[in-house]
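A short reminder: the numbers here are calculations on the coordinates, not readings from a lab. The structure presented is a predicted model; accordingly, all values stated were derived computationally and were not measured. Virtual Cβ from ideal backbone geometry, glycine too; neighbours counted across all protein chains shown.
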Amino acid sequence: MAGTAVLGRLTWLAAEIVGSVDETARVRTLLLEADGWEGHRAGQHLDVRLTADDGYQAERSYSIASAPGEQLTITVEQLPNGEVSPWLVEVAGDGDRFELRGPIGGYFVWEDDGRPVLLIGGGSGVVPLMSMIRSASGSARMRLLYSSRTLDDVIYREELMERDGNGVEVVYTLTRAQPPGWTGYSRRIDIDLLRQVAWPASDQPHVFICGSTRFVDAAADGLVALGYPPRSIRTERFGATG
Amino acid sequence: MTDSGRTYEMRLDGNALGGMLFELFGLELTAATEVCGTCGAADLVARLEVYAHAPGMVGRCPHCHAVMLRIVRGPDRTWLDMSGVASIELPATL
């Protein structure tokens, strides 16, 4: 059904890589052009499909990193023994083509209603949160708690430094190693860390948490223990198949 | 809950079913509400516990962990078992 756009159907679109940015040693952002792409909402993802010469196909989901209305970008972490991510991160270049479909998701989506927004990302879980940061108008308070293993693993490092204090506050925790003079947090997210970083539940923030399932559970359980209503917490877990 | 170790690490959530459900039903379903046929809990499709590392995808109730749906795709067909779902409620905007 490729190429036949049917209303209400999710159709595979031909996509072309038109640029890339190496974010870390294992993470790369791809700028994409896709004929028929109709835009997205902050937090949504898309599916990528690669087809081998022998017809074998592999599909994976990737969060959209760009703000709605900007050049479409995804950010991909290379996973060991992956079928799709090693090609996207190490091999693919400008002009290479593959198929994608989307946008997908109606739950892990931020609509600015003026309420504060607490974003909690672990590793490449920051990607859909970055789409929200990039689309913020400044009318809502926004705070990002970003957990990485080391400073070199921080995705969007320069952009986040520039944006910190301009519409978003960024709080880092580096769980594995910290550079000399590090003033951020240095441990996995726990309830004491959340108590210091999160606004009181009475501020009624929207919460978006994205990361591994263990990371998401730790952050969400901690916030619930601090009095956040479970329904105010939206979560997305990514897997170890890439 | 006995879910631990590698199986726990591999667990996803209903967001990961979004593309496949859209493909099958022509609707964005992750924000729809499902009622578990086993325990009766109502929750969003996005909050299902999803295991996608087997040949098929399995969605379990986030409250009682019963299997709610299973999806297996072959080269020329898709097999969908929703016997663990009592009902699905869609927002009017869909």
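Give me the number: length gained by fully extending B:S83 to B:T7, i.e. 0.36 nm times residue separation minus the C-alpha to C-alpha distance, one decimal in nm.
Result: 25.1 nm gained on full extension.
Cysteines in the protein assembly as shown lacking any other cysteine Cβ under 4.7 Å from their own Cβ: A:C210. A dipole drawn for the protein assembly as shown from +1 and -1 charges on Cβ atoms has a positive end, and of B:L29, A:T175, A:V89 the residue lying farthest that way is A:T175. For the stretch A:43-143, a simple Cβ point-charge model (Lys and Arg +1, Asp and Glu -1, everything else neutral) yields a dipole of about 560 debye relative to the Cα centre. 3J(HN,Hα) couplings calculated from phi for the stretch A:143-159 with the Karplus curve 6.51 cos²θ - 1.76 cosθ + 1.60 (θ = phi - 60°) are, in sequence order, 9, 10, 9, 10, 9, 10, 6, 9, 5, 5, 8, 6, 7, 6, 4, 5, 5 Hz; Gly and Pro show x. Summarised in one figure, the compactness ratio Rg/Rh of the stretch A:142-242, Cα atoms and Kirkwood Rh, is 0.96.
In this Cβ point-charge picture (+1 for Lys and Arg, -1 for Asp and Glu), chain A has a dipole of about 920 debye about its Cα centre.
What the phi angles of the stretch A:114-123 give under the Karplus curve with 6.51, -1.76 and 1.60, with θ = phi - 60°, is a coupling list of x, 6, x, 10, 9, 10, 10, x, x, x Hz, glycine and proline written as x. Where both bridge residues fall in the protein assembly as shown, DSSP classifies roughly 70% of the beta bridges as antiparallel. Residues whose amide H falls under 5 Å from that of B:M68, counting only those 5 or more places apart or on a different chain, are B:G59, B:R60, B:C61, with hydrogens built in the peptide plane. Sorting A:120-126, B:42-48, A:177-183, A:57-63 by their mean Cβ neighbour count within 10 Å, with the most densely packed peptide first, gives A:120-126, B:42-48, A:57-63, A:177-183.
Placing unit charges on the Cβ atoms of the charged side chains and taking the dipole of the stretch A:25-178 about its Cα centre, the candidate lying farthest along the positive direction among A:A140, A:Y56, A:L32 is A:A140. Applying a DSSP loop filter and a limit of 12 other Cβ atoms within 10 Å to the trypsin sites (Lys or Arg not before Pro) in the stretch A:135-242 leaves A:R176, A:R187. Backbone geometry of the stretch A:187-201 corresponds, through the Karplus equation with coefficients 6.51, -1.76 and 1.60 at θ = phi - 60°, to 3J(HN,Hα) couplings of 8, 5, 5, 9, 5, 5, 5, 5, 4, 6, 9, 7, 5, x, 4 Hz, x marking Gly and Pro. Evaluated at q = 0.12, 0.13 Å⁻¹, a Debye calculation over the C-alpha positions of the protein assembly as shown (equal weights, vacuum) places log10 I(q)/I(0) at -0.85, -1.02.
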